[in-house]
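The values are calculated or read from the model by the stated rules, or taken from the named source; none is laboratory data. Predicted model, so just to flag it, every value in this text is computed and none were measured. Note that each Cβ is placed from the backbone with ideal geometry, even for glycine, and that neighbours are counted across all protein chains shown.
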Amino acid sequence: MFQIFPSTQTEQNLGHFSVQSMSRKANCYDNAVTENFFGHLKTEMYNGEAFGTVEELTQAIEDYIQWYDTERIQQRLKGLTPMHYRNQALEPPSRLELNQSNFWGLVHPGWRSFLMR
């Protein structure tokens, strides 16, 4: 059976190859996003399941990440999936949005013709 959690041997190997992750001193928020994701992964994908091989575990993790990014709706992303939220953020503002408001509030009627060029 393959375990998800690192063993002492794994930690020693990582130390041997100088691979280590450390947060800044007195800043517990450095890894908050990662810790949140792995918490979901452990409860939604792993949940005590035994994997026979590393390949089975790797495939299960890849499938979970694909599902998480493309199908899992998240309340903090206004009910969107991470992929949909990213794509929406990258879209240029529509002309209608530009016409209706700006950083300070409503667009002055005299500027509408200039903005609609």
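Each residue in region 1-11 was checked for being surrounded by 10 or more Cβ atoms within 10 Å (Cβ to Cβ) and either aromatic (Phe, Trp, Tyr) or at pLDDT 65 or above (or both), and 3 pass. Annotation for region 50-66: no member residue is modelled with pLDDT under 90, assigned to a helix (DSSP H, G or I) and either surrounded by 13 or more Cβ atoms within 10 Å (Cβ to Cβ) or of a type outside the set (A, V, I, L, M) (or both). In a residue-by-residue description of region 21-44, the property of being surrounded by fewer than 13 Cβ atoms within 10 Å (Cβ to Cβ), modelled with pLDDT of 90 or more and assigned to a loop (DSSP other than H, G, I, E, B) applies to no position. Taken over region 45-64, the criterion of being without any contact (Cβ under 8 Å) to a residue 24 or more places away in the chain and out of contact with any strand residue (DSSP E or B) (no Cβ under 8 Å at 6 or more places or on another chain) is satisfied by Met45, Asn47, Gly48, Glu49, Glu55, Thr58, Gln59, Ile61, Glu62, Asp63, Tyr64.
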